[in-house]
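For reference, the structure is listed below as structure tokens.
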Amino acid sequence: MRRTGAQIVWEMLEQEGVEVVFGFPGGAILDTYHCLQDYEIRHVLVRHEQGAAHAADGYARASGRVGVAMATSGPGATNLVTGIATAMMDSSPMVCITGQVGTSLIGTDAFQEADMTGITLPITKHNYLVTDVENLASIMREAFHIARSGRPGPVLIDLPKNVQQAETDFVPPKDEVRLSGYEPAGRVDAEQLLRAAELINSAERPVILAGHGVLMSGKTRTLKELAERMEAVVALTLLGKGAFPESHPLCLGMMGMHGEAAANRAVQEADLLLALGMRFDDRVTGTLEQYAPMSRKVHIDADAAELNKIVPADVAIVGDLRHVLEELLAMIEPASHEGWMERVDHWRSQSRARDIINRPQNGRLVAPYVIDSLRKETQGDAIVVTDVGQHQMWTAMYYGLDRPDPWITSGGLGTMGFALPAAIGAQIAQPDREVWAIAGDGGFQMTMQELGTLIQEDLPVRIALVNNSYLGMVRQWQELLYEGRYEATYLVNPDFVRLVSAYGIPGWRVTEPANAAAVIAEARSQAGPAFIEFVVASEGDDGNVYPMVPPGAALHEMIRRPEASVELAGTGEEKE
Amino acid sequence: MSRTLIALVEDKPGVLARVAGLLRRRAFNIESLTVGRTQEPGISRMTIVVDSDRTDAEKVLQNLNKLVNVIDVEDVTERALVARNLALIKVQVNGGSRAEVMQIVDSFRGRVVDVGLDTIMIEATGNEEKVEGLVQVLQAFGIVEMVRGGRVAMVRGGQPQ
Ligand SMILES: Cc1ncc(C[n+]2csc(CCOP(=O)(O)OP(=O)(O)O)c2C)c(N)n1
Ligand SMILES: [Mg+2]
């Protein structure tokens, strides 16, 4: 059949099973938009292309499928950049289709020309400039294959206007994609696996570090079996939340800069680290010189380039956890580590005693209480999408997950403005689930124009705005590390409830702990979108995220919540 | 120390930029990179020499492997290799020194490829030490201009890379 390039785009999207495209039109992509009506694909018109990229990313993370974003050339395409980099850092499968000036104009600084394949080279898994309509179908096929296989990531297809207009005989490609330079499934080295099992079986103080890769493999049950058989405690990365039930007695919660103190202690004292589908981000390790000094390290990841990149491994295994975890499990002998577990429990009880949430109410609304209330009201059953900052860390700490549910946050890039558009994508992926966007007052204002998308698409996303009138996380650094000089972190904010009401979205303002639960319940009872502004304590003990590993410090050198604010059950043994 | 990697890559527009961009982005230090056609249409071959005191060649290899257009990469440093460098060197000469320069070139198995009034151009190929040795000796006469290619390498014997 004769098809134009523009039609082939939609034909191929349909063939890949794409149900929704997030986008924003313009001259260089108009030909493609012109054919949209003839296809069964939903298009979500965002208010800024960054929103399209984050929404596609949120959709991908909530569905496990490839998210698709579309934009015009030049400024439309460059507006995608932050969203593409965000997806790259967090291994989120995404295909971006950008219009480009006609091939004869490329390189001439034509109107709205930007070198998108050049610009996105380091922030995509791969990218294409399509110069001939004959190649378009196979490129689209490859792009989806690359985006979703192996370690997933974003792929960009730059599509010149004349290629969209050109006609060709379209034959839907049917064969499996074969790329000689790309073989995602790593072969597992049996000998290495044996050595890993030996180290694990002889460990006395084992800790499993579980990351995003475990979730992507879908093998969370195998991980649970493995941890139980090893009697290993499990620490999670930020993106690994959900890989292991947080209420499980072996779970230590999140590790790292704002990790649970017990998790960080255990990592530092361990004699074996089993790192699964994680990449030792510097926010996870603290200073490397003193990182987990007593431990042997077994590192398993699908991406060979992650092994020995930051932390040298005693055994490094390239492999897809879908297969490796089970193979490993079969080699593990049941073990118990009584003394070690006692020490871990001791650290844990100390953490609990310091926890702000276990403190008698003093009438001030603190962010951890907000998140705890959200978890209680939603029974931990919502899809939570966060922005970046203090509220993000508190959500990671206080919205415990017991299932491998979508937990959507910008980890690697730490992109403010992520929450609302990503929540829009998540809600579209999971129309029957309750989706909460949790954002700070700073980040919310970076992409709040997507409220327009929310009402245009009539999506019941719930928004919790944690308002501390500051760029809180930066203010915390200024308070603790920069002599208390608050430069450029105080925010004069609008009346957020009135702002959302201009969009027809019902909003509430909560200033006291006593009202939190009732207002959350009210917001949940809405059929459409709902918004709650929580005005929270913004400074000092109530307004800081603890524990905190200061930059450059070792993982066990945490700044803890000052003891005065909490009765400490501990023995004073801790001297962080 | 340096290590030699050989990469077979797809001969497509932008592939060199992808490789060079990767090396830059990951802050890898390389000594040279050469690229050229192979016997197979559509496949180019790169010889990449890594400064292994400052850069882990294994990391370079793993990251190159992640590029979709890179078909295969191998660190051939430990294998029996033929490695060659090419240099074109233009040297100042006068009636007195001309013969002496030509004699030196001869003993380094170089070739005189152009003779001018007061310069001659020399082509030298060989391993880096040999080419470097010739350059040093010629410096005494005055090098007017020089161009050197990066290392190209091939494993000896049976199997193709
Ligand atoms: C796009 C972007 N710009 C700057 C930063 C640096 N940054 C990290 S957290 C933060 C403060 C966020 O403030 P807010 O959204 O109010 O959240 P809070 O920390 O107060 O909860 C800033 C500015 C960032 N992560 N992303
Ligand atoms: Mg704030």
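Summary of computed values
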item: Debye, to nearest 20: dipole size of chain A, +1 on Lys, Arg Cβ, -1 on Asp, Glu Cβ; result: 480
item: Cα-based helix-to-principal-axis angle, A:338-354 vs chain A, degrees rounded to 10; result: 80
item: Accessible area of the protein assembly as shown divided out per residue, in Å², using a probe of 1.4 angstrom; result: 42
item: Dimensions in Å of the protein assembly as shown - Rg and Dmax from alpha carbons; result: 29.5, 102
item: The range A:114-187 versus the range A:1-42: alpha-carbon centroid distance in Å; result: 15
item: Interface residues, the range A:111-139 - accessible area loss of 10 Å² or more versus chain alone, probe 1.4 Å; result: A:121, A:122, A:125, A:126, A:127
item: Rh (Kirkwood; distinct C-alpha pairs) - the range A:20-172, Å; result: 15.1
item: Rounded percent of accessible protein surface that carbon and sulfur make up, the protein assembly as shown, 1.4 Å probe; result: 49
item: Dimensionless Rg/Rh of the range B:82-153 - Kirkwood Rh, Rg from C-alpha atoms; result: 0.96
item: Largest-first principal axis extents, alpha carbons of the range B:2-79, Å; result: 35, 29, 18
item: Aspartates and glutamates with Cα under 13 Å of residue A:309, excluding same-chain neighbours fewer than 8 positions away; result: A:281, A:282, A:301, B:56, B:58
item: Summed buried accessible surface, chains B and A, 1.4 Å probe, nearest 100 Å²; result: 1200
item: Reachable lysines, given that their alpha-carbon falls under 20 Å from the alpha-carbon of residue A:376 and they are not under 8 places away in the same chain; result: A:241
item: Cα-based helix-to-principal-axis angle, A:419-429 vs chain A, degrees rounded to 10; result: 70
item: Potential lengthening between residue A:345 and residue A:247 on full extension [0.36 nm per residue; Cα-Cα distance subtracted]; result: 33.9 nm
item: Per residue, the convex hull volume that the Cα atoms of the range A:190-346 enclose (Å³); result: 93
item: Packing-based order for B:88-100, A:91-103, using average beta carbon neighbours within 10 Å, highest first; result: A:91-103, B:88-100
item: Tilt relative to chain A, helix A:5-15 - C-alpha long axis, 0 to 90 degrees, to 10; result: 40
item: Inter-chain shielding of B:62-73 (mean C-beta neighbours from other protein chains, 10 Å cut-off); result: 5
item: Debye intensity ratio in log₁₀ form over the Cα atoms of the range A:365-536, taken at each q of 0.10, 0.11, 0.12, 0.19 Å⁻¹; result: -0.33, -0.41, -0.49, -1.28
item: Modelled FRET efficiency - R0 35 Å, residue B:118 with residue B:31, Cβ distances, 0.05 increments; result: 0.55
item: Dipole of the range A:257-334 [Lys/Arg +1, Asp/Glu -1 at C-beta], most positive-end residue of A:332, A:272, A:321; result: A:272
item: Which of B:131, A:162, A:562, positive extreme of dipole for the protein assembly as shown (C-beta unit charges); result: B:131
item: Taking all pairs of distinct alpha-carbon atoms in the range A:148-264, Kirkwood radius in angstrom; result: 18.0
item: Relative pair counts by distance (%), Cα atoms of the range B:1-160, 5 Å bins; result: 2, 8, 16, 17, 14, 12, 11, 9, 6, 3, 1, 0
item: Nearest-20 debye value, chain B charge dipole, Cβ charges on Lys, Arg, Asp, Glu; result: 400
item: Relative packing of A:286-292, A:483-489, B:151-157, which averages over residues the other C-beta atoms within 10 Å, highest first; result: A:286-292, B:151-157, A:483-489
item: Using alpha carbons only: equivalent-ellipsoid semi-axes of the range A:331-456, gyration tensor based, whole Å; result: 32, 20, 14
item: Per-selection Kirkwood Rh - the range A:73-120 (Cα, Å, 1 d.p.); result: 11.5
item: Among A:363, A:35, A:227 - extreme Cα towards positive end, dipole of chain A, charges at beta-carbon; result: A:363
item: Two-site label geometry, residue A:518 and residue A:290: point separation in nm, points 7 Å out along Cα→Cβ; result: 4.9
item: Highest-MSF residue in chain B out of B:25, B:109, B:37 [GNM, Cα springs under 10 Å]; result: B:25
item: Over 29 Å between alpha carbons, listed pairs A:297/B:59; B:12/B:130; A:174/B:12; A:125/A:174; A:219/A:297; A:125/A:219; result: B:12/B:130
item: Only Lys, Arg (+1) and Asp, Glu (-1) charged, at Cβ; the range A:484-552 dipole about Cα centre in debye; result: 240
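The values are calculated or read from the model by the stated rules, or taken from the named source; none is laboratory data. None of these values were measured; they are calculated from a predicted model. Note: ideal-geometry Cβ built from the backbone for every residue, glycine included; neighbour counts use all protein chains shown. What goes into the accessible areas is simple: the full protein's heavy atoms, side chains included, and nothing from ligands, DNA or RNA. Shrake-Rupley method; radii C 1.70, N 1.55, O 1.52, S 1.80 Å.
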